[in-house]
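Chemist: Right, I'll just put the structure down here and ask away after.
The values are calculated or read from the model by the stated rules, or taken from the named source; none is laboratory data. Since the model is a prediction, treat every value here as computed from it, not as a measurement. Neighbour counts run over all protein chains shown; Cβ positions are idealised from the backbone, glycine included. All accessible areas refer to the heavy atoms of the entire protein, side chains included, with ligands and DNA or RNA removed. Shrake-Rupley method; radii C 1.70, N 1.55, O 1.52, S 1.80 Å.
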Amino acid sequence: TLKPDLTPVTQADRDAERAIIDILGRAFPGDGFLGEEFGARGAGARRWIIDPIDGTRNFVRRIPLWATLIALEIDGEVALGVIHNPVSGDLYTAERGAGARLNGAPIRVSAVSEVARAFLLHAGLDIMRQGGYWEGFVRLVDVTERQRGFGDYYGYGLVAEGKAEIYAEMDLKPWDLAPCKVLVEEAGGRYTDFEGRATIYGGSALATNGCLHEPALRLLRGEPAPG
């Protein structure tokens with residue numbers, strides 16, 4: 001079915017979120033929850049943020065790029081995150097101060113230090129145009145070496161693995177971003193919204209290998225290009 005914002009939701013989305021809340025609720029009875037399908041419940045310093053299927057449109061069309069996203073937020077800061085693609089079996093994990101891993105092996109962002117050599121990822125061209133960042137995004141396209149639209153969780157995974165350097169997307173909710181933020185940061189990269197704030201509540205996201213973050217942010221915001 002379609003939600004009021006015309007995005008799709010499936011029975012699998014709802015059933016998965018119920019199952020995750022049930023399991024975590026039994027293990028951590030005092031924790032709160034924030035999920036895409038059923039909203040917020042509980043209060044306190046700790047809450048689990050859940051996107052049962054990130055990439056529902058891919059899921060519906062049997063495109064194997066979708067994942068379950070779970071993160072633990074403590075006192076407003078994401079402390080750990082898990083991203084699991086049941087189709088490929090890939091499992092990204094990250095814990096604050098303990099690094100990032102893919103299927104148990106440590107991962108690290110790339111060392112590319114020139115925007116002209118960067119691989120730029122995005123999650124949709126129309127969203128950039130509608131969101132008022134089209135001109136800045138075109139500037140990024142013009143100066144980077146390669147561009148592709150992988151989108152959703154996968155873009156953050158590619159940055160964290162060192163396979164891409166810059167990922168920009170908009171029209172986001174905290175459950176789209178919570179585990180992705182800690183994953184990129186623990187892999188040595190940097191994550192902010194388009195205003196430069198390290199928050200999952202800004203509605204936009206820029207994830208980079210770190211050394212290209214400021215140049216990418218300036219280009220997106222239409223500021224003078226770095227020298």
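Chemist: Among Thr192, Leu217, Leu65, whose Cα projects farthest towards the positive end of the dipole of the chain, with charges put on the beta-carbon of Lys, Arg (+1) and Asp, Glu (-1)?
Modeler: Leu65
Chemist: Mean 1/r over all different Cα pairs, inverted: what Kirkwood radius does the range 1-64 give, in Å?
Modeler: Details: mean 1/r = 0.0792 Å⁻¹.
One decimal place: 12.6 Å for the Kirkwood radius.
Chemist: If Lys and Arg each add +1 and Asp and Glu each add -1, what is the summed charge of the other residues whose beta carbon sits under 12 Å from the beta carbon of Gly202? Walk me through the numbers before you get to the answer.
Modeler: Values: positive: Lys173, Lys181, Arg197; negative: Glu169, Asp171, Asp176, Asp193, Glu195.
That sum, taken over residues with Cβ under 12 Å, equals -2.
Chemist: Where does the charge balance sit around Phe59 when Lys and Arg score +1, Asp and Glu -1, over other residues with C-beta under 14 Å from its C-beta?
Modeler: Values: positive: Arg14, Arg57, Arg61, Arg62; negative: Asp13, Asp15, Glu17, Glu36, Glu37, Asp51, Asp54, Asp152.
Result for the neighbourhood of Phe59: -4.
Chemist: Using a 1.4 Å probe on the protein heavy atoms only, what accessible surface does Arg221 show? Give it in Å² to the nearest 10.
Modeler: 100 Å²
Chemist: Quick one: order Ile21, Ile127 from most to least accessible surface, probe 1.4 Å. Provide the component values of the computation, followed by the final result.
Modeler: Values: Ile21 20, Ile127 50 Å².
Ranked list, largest accessible area first: Ile127, Ile21.
Chemist: Additional query: Relative to the longest principal Cα axis of the chain, at what angle does helix 134-143 sit, 0 to 90 degrees, rounded to 10?
Modeler: Tilt of helix 134-143: around 60 degrees.
Chemist: Reachable aspartates and glutamates from Lys163, Cα under 17 Å, same-chain residues fewer than 8 places away excluded?
Modeler: Here the aspartates and glutamates satisfying the reach criterion relative to Lys163 are Asp90, Glu114, Glu145, Asp152, Glu185, Glu186.
Chemist: Further, regarding this structure: May I ask you to give the percent of accessible area on the range 100-199 that is carbon plus sulfur, with a probe radius of 1.4 Å? Numbers along the way, then the final one.
Modeler: Values: 1950 of 4290 Å².
Carbon with sulfur: 45 percent of the solvent-accessible area.
Chemist: Two-decimal Rg/Rh of the range 105-166 from alpha-carbon positions, Kirkwood Rh? Spell out each step's value before the answer.
Modeler: Working: Rg = 12.1 Å, Rh = 12.2 Å.
With Rg and the Kirkwood Rh in hand, the quotient comes to 1.00.
Chemist: Add +1 for every Lys or Arg and -1 for every Asp or Glu among the other residues with Cβ under 15 Å from the Cβ of Arg146, and state the total. Each step should come with its number before you reach the end.
Modeler: Details: positive: Arg117, Arg148, Lys163; negative: Glu114, Asp142, Glu145, Glu165.
That works out to -1.
Chemist: List the trypsin sites (Lys or Arg not before Pro) within the range 46-94 that DSSP assigns to loop and that have no more than 16 neighbouring Cβ atoms inside 10 Å. Present the calculation step by step, with values, prior to reporting the outcome.
Modeler: Working: sites: Arg46, Arg47, Arg57, Arg61, Arg62; in loops: Arg61, Arg62.
Sparse-neighbourhood loop trypsin sites (Lys or Arg not before Pro): Arg61, Arg62.
Chemist: In the range 128-183, which trypsin sites (Lys or Arg not before Pro) fall in coil by DSSP and have 14 or fewer other Cβ atoms within 10 Å? Could the numbers behind the result be given before it?
Modeler: Working: sites: Arg129, Arg139, Arg146, Arg148, Lys163, Lys181; in loops: Lys163.
Within the range 128-183, the qualifying trypsin sites (Lys or Arg not before Pro) (loop, at most 14 other Cβ atoms within 10 Å) are Lys163.
Chemist: Here is a follow-up. Compute the accessible area per residue over the range 1-118, keeping the other protein chains in place, probe 1.4 Å, unit Å².
Modeler: Details: 6420 Å² over 118 residues.
Each residue of the range 1-118 exposes 54 Å² on average to a 1.4 Å probe.
Chemist: Same structure, new question: Per 5 Å bin from zero, what fraction in whole % of the C-alpha pairs of the chain is there, up to the bin with the longest pair?
Modeler: Answer for the chain: a P(r) of 1, 7, 15, 20, 20, 16, 12, 6, 3, 1, 0 percent.
Chemist: With every atom except the alpha carbons ignored, what do you get for Rg and Dmax of the range 128-227, in angstroms?
Modeler: Final numbers for Rg and Dmax: 12.2, 36 Å.
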